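The values are calculated or read from the model by the stated rules, or taken from the named source; none is laboratory data. Treat the numbers as computed from the prediction; the structure is a model and nothing was measured. Counting neighbours? That spans all protein chains shown, and the Cβs are built from the backbone with ideal geometry, glycine included.
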Amino acid sequence: MPLAILIIAQLKRHLSLNTLMRKWTEQKTRMLKAGPASSRHSSVSISIDISLQMLVRSPNRECIKILPILSFLPNGIPQWHETLAQLVVESDIDLEVSVISLLDSALIYQGNDCLKMLSPIREYVQIKYPTQESHLSQMGRYHMKLLRDHSPGQSQDVIEVHSSNITKVLGIILQNSAQREYLDGLYDFAEYGKFSSISLQLIDVALAQMWDKGFEEEIKLRFLKEKSLSWMGNHQRAKTEIEIIQLKLKDINIHEHEESKANNNAKCLQRLGDICGMQSEYSEAKLLFTEAQTQFEKVGHQLGAAQC
């Protein structure tokens with residue numbers, strides 16, 4: 001069923017046909033004055049707009065307060081009975097009643113205990129009720145705690161239903177600020193090999209930021225990028241990332257970084273050996289592991305030497 005018809009069908013439960021037709025005409029005239037749009041898009045927008053007006057004028061108008069969250073999250077809100085309260089900024093909302101009102105309006109739907117909003121509705125609602133910094137901070141805190149409380153070995157299914165939400169929240173916050181909590185969240189998220197392709201995008205965002213530990217943080221992020229590329233089987237790009245690390249280590253001549261530089265040079269050889277092994281280049285891998293082991297032993301890194 002077309003989205004506009006579905007929403008209008010829901011509105012008909014609360015408005016007389018004459019009232020609904022009048023509102024439709026008023027909204028259409030107002031939108032046409034605002035600028036040209038396809039009739040299909042206009043129909044959906046008008047339907048959504050009338051529904052929003054109805055909610056604003058309803059006894060439970062507070063349900064509007066959760067729209068900036070619902071319209072922001074591409075995965076919706078999984079396990080919403082437990083999750084929604086941890087995402088909202090306002091504490092004075094009757095969440096269950098608000099959800100019922102939104103479900104009744106057809107602006108959201110529920111499936112497998114997950115509240116979702118269709119993309120055309122999300123886009124329009126974000127224009128009317130955009131996500132504010134306070135909403136983003138609250139969503140960020142929730143998703144970072146979710147990552148801290150779970151681990152790849154046991155909780156991949158839990159994280160997967162939130163993966164697009166995590167990606168969107170992390171991407172925006174990492175782009176706008178250098179907060180350690182969210183960088184740690186990226187490291188946690190990247191541990192899930194299944195999400196390597198989307199982790200790569202976030203790593204590139206993080207690499208564009210200035211972090212407290214500067215040089216060391218950049219090297220750590222680049223090793224993480226190489227690991228994600230290797231996991232995806234993109235061995236040539238992984239090798240290129242190691243070469244970038246080697247060049248950066250060569251350019252660093254500050255005495256305080258000498259030990260870190262030696263360890264990371266050895267790690268580069270070790271990772272190149274791993275990549276060669278994945279490509280069945282066993283002779284070259286053996287040479288690289290031997291050289292890496294020697295360098296690890298020189299700096300007293302017993303674990304690194306043992307891993308070679």
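Mind checking which residues of segment 270-308 are touching a Phe, Trp or Tyr at 6+ places or on another chain (Cβ under 6 Å), over 21 Å from GLU241 (Cα atoms) and touching a residue at least 24 places away in the same chain (Cβ under 8 Å)? Working first, answer last.
Of all residues in segment 270-308, those touching a Phe, Trp or Tyr at 6+ places or on another chain (Cβ under 6 Å) come to 273, 304-305, 308.
So of that shortlist, the ones also over 21 Å from GLU241 (Cα atoms) come out as 305.
Correct list: empty.
So MET232 passes all but one of these: (1) in the same structural domain as THR294 (by TED's automatic domain parsing); (2) crowded, with 19+ Cβ neighbours inside 10 Å. Which condition number does it fail? Condition not satisfied by MET232: (2). Residues in segment 253-269 that are among the aliphatic types (A, V, I, L, M) and either surrounded by 15 or more Cβ atoms within 10 Å (Cβ to Cβ) or in contact (Cβ under 8 Å) with a residue 40 or more places away in the chain (or both): ALA262, ALA266, LEU269. Of all the numbered requirements in (1) more than 25 Å from ALA208 (Cα to Cα); (2) outside any helix (DSSP H, G or I); (3) among the small types (Gly, Ala, Ser), ALA285 misses one, and that requirement is (2). Which residue is surrounded by the most Cβ atoms within 10 Å (Cβ to Cβ), if the candidates are limited to segment 183-211 and must be more than 19 Å from PRO74 (Cα to Cα) and among the hydroxyl-bearing types (Ser, Thr, Tyr)? Once the filter is applied, the top-ranked residue is TYR192.
Cβ separations smaller than 6 Å between residues 6+ apart or across chains give the following pairs from segment 222-247 residues that are closer than 21 Å to TYR192 by Cα to residues that are in a loop (DSSP other than H, G, I, E, B): HIS235/GLN279. Is it fair to say ASN165 is in the same structural domain as PHE289 (by TED's automatic domain parsing) and crowded, with 20+ Cβ neighbours inside 10 Å? No.
Scanning segment 254-308 for residues that are modelled with pLDDT under 90, closer than 22 Å to TRP231 by Cβ and not aliphatic (A, V, I, L, M) yields GLY304, GLN307, CYS308. For the residues GLY171, GLY153, the requirement of being outside the structural domain of LEU224 (by TED's automatic domain parsing), within 12 Å of the chain's Cα centre (by Cα) and in a helix (DSSP H, G or I) singles out GLY171.
Restrict the check to segment 187-196 and report whether at least one residue is under 21 Å from GLN86 (Cβ atoms) and either in a helix (DSSP H, G or I) or modelled with pLDDT of 95 or more (or both). Yes, that holds for at least one residue.
Given the conditions (1) exposed (fewer than 15 other Cβ atoms within 10 Å of the Cβ); (2) at pLDDT 95 or above; (3) closer than 23 Å to ARG180 by Cβ, report the number of the one that LEU224 does not fulfil. Only one criterion in (1) exposed (fewer than 15 other Cβ atoms within 10 Å of the Cβ); (2) at pLDDT 95 or above; (3) closer than 23 Å to ARG180 by Cβ is unmet by LEU224, namely (1).
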